[in-house]
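First up is the structure itself, then whatever we jot down about it.
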Amino acid sequence: MNLKTGTLAWIIAATLLAHATGRCWDYEGHRMVNQLALASLPTNFPAFVLTPEARERIAFLAGEPDRWRNTTDLTLKHFNGPDHYFDVEDIATLGMDVHQLSPFRYEFTAQVAAKRAKVASSLPAIDPSKNLDHTKELTGLLPWTITEFYGKLKSSFSHLKTFEEAGTPEEVANARQNVLYIMGVMGHFVGDGAQPLHMTIHYNGWIGANPHHYSTNKTIHLWIDGGYLEYAGITTARLQGKVQPAAVLIQETRAHPTNLFPVVLNYLLDQYKLVEPLYTLERDGKLSGRKPVTDEGYQFITGQLLKSGQMLGSIWMTAWQNATPDTYLRNELAKRRFAKEKSLSAPAEEKKKEDK
């Protein structure tokens, strides 16, 4: 929204929202994505995930990565901040092909550093006082974050399946809590991916050449992330019936392990294509807090929430389906069982010797 055309009431409301909520409506939106993902799961998904307590735990954890952002710890800011976004335009600026990126996080960051060094003279200078966490040199790492969380979840399901075979009740319970934690936290990043402003350098108002007169207002990100959800009365209950069933995204075998990275990247690039349509809707008053809710704006935002919920549910499904029992853990549990059986049989063997 252009501040010059906004009403005084809207300016005050936006300012109060920014200061009073502390991004709490972001949390409501992320809760919604996780809840929609849960609604997409089939009834034969592991039952412990579908209990009321587990559903609430997963929904609550949707806000965890933003809670990490509230810290003053610069090392945590450096680690966590870039996981929330991916500035697609920066890839082209560095002369890289967005469809040919390495799926390995550190290999990619090394490539970015090398490319930056080659074109350093043509890049805007970075103000050190505004780069205390040393992230301005980065393009954002959202595709890698989501892909890595998929690997973590698949690993946790593998551990769980193995503990369910031969573990103690306490080990099974702990392994289940690990699954819930990863499911909940990773939902935040999949939800970030469906918000087009997380995919662009124009993340909080249009910058640079602006022939289409898009908003340069620095409250647009906050408004799209959360203010509009409240304004339009968007709730999980109103959207649950529109969720499509979760689907397996890739099939993996030991002989042919499949990398989820291209699937994740394509999902995010599809959202990047919606950056200008979002700005157009906002410019035309269809995503505005100054006018009644329009069908175009409502369908755009709810469509993105549904899209991310369905993608998240499908990633969960894919991790569960592709997780096989952990061979190393299975062997260790077998050794433990053998040692216990041997220990229990020792007194009986000693008694036999005594009887002789």
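Just so it is clear, none of the values below were taken in a lab; they were calculated from the coordinates. Every value quoted in this text rests on a predicted model; they were computed, and no experiment measured them. With ideal geometry, Cβ positions are generated from the backbone for all residues, glycine too; neighbour counts draw on all protein chains shown.
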Checking rank on 124-134, 93-103, with mean other Cβ inside 10 Å and highest first, the result is 93-103, 124-134
In degrees, nearest 10, the alpha-carbon axis of helix 142-166 is tilted away from the dominant principal axis of the alpha carbons of the chain by 20
The helix 327-355 Cα axis meets the longest alpha-carbon principal axis of the chain at an angle in degrees, between 0 and 90 and rounded to 10, of 20
From the Cα centre of the range 308-348 to that of the range 229-255, the distance in Å is 29
Residue separation between residue 244 and residue 45 times 0.36 nm, minus their alpha-carbon distance, gives in nm 70.1 nm
Out of 232, 247, 120, a Gaussian network model of the chain with alpha-carbon springs under 10 Å gives the largest mean-square fluctuation to 120
Checked against the positive end of the charge dipole of the range 8-325 (+1 on Cβ of Lys and Arg, -1 on Cβ of Asp and Glu, about the Cα centre), the farthest of 174, 310, 279 is 279
Sorted on mean Cβ neighbours within 10 Å (highest first), peptides 322-332, 252-262, 154-164 come out as 154-164, 322-332, 252-262
Rg/Rh over Cα atoms for the chain, Kirkwood Rh, comes to 1.08
Most fluctuating of 307, 335, 273 in the GNM of the chain (C-alpha, under 10 Å) is 335
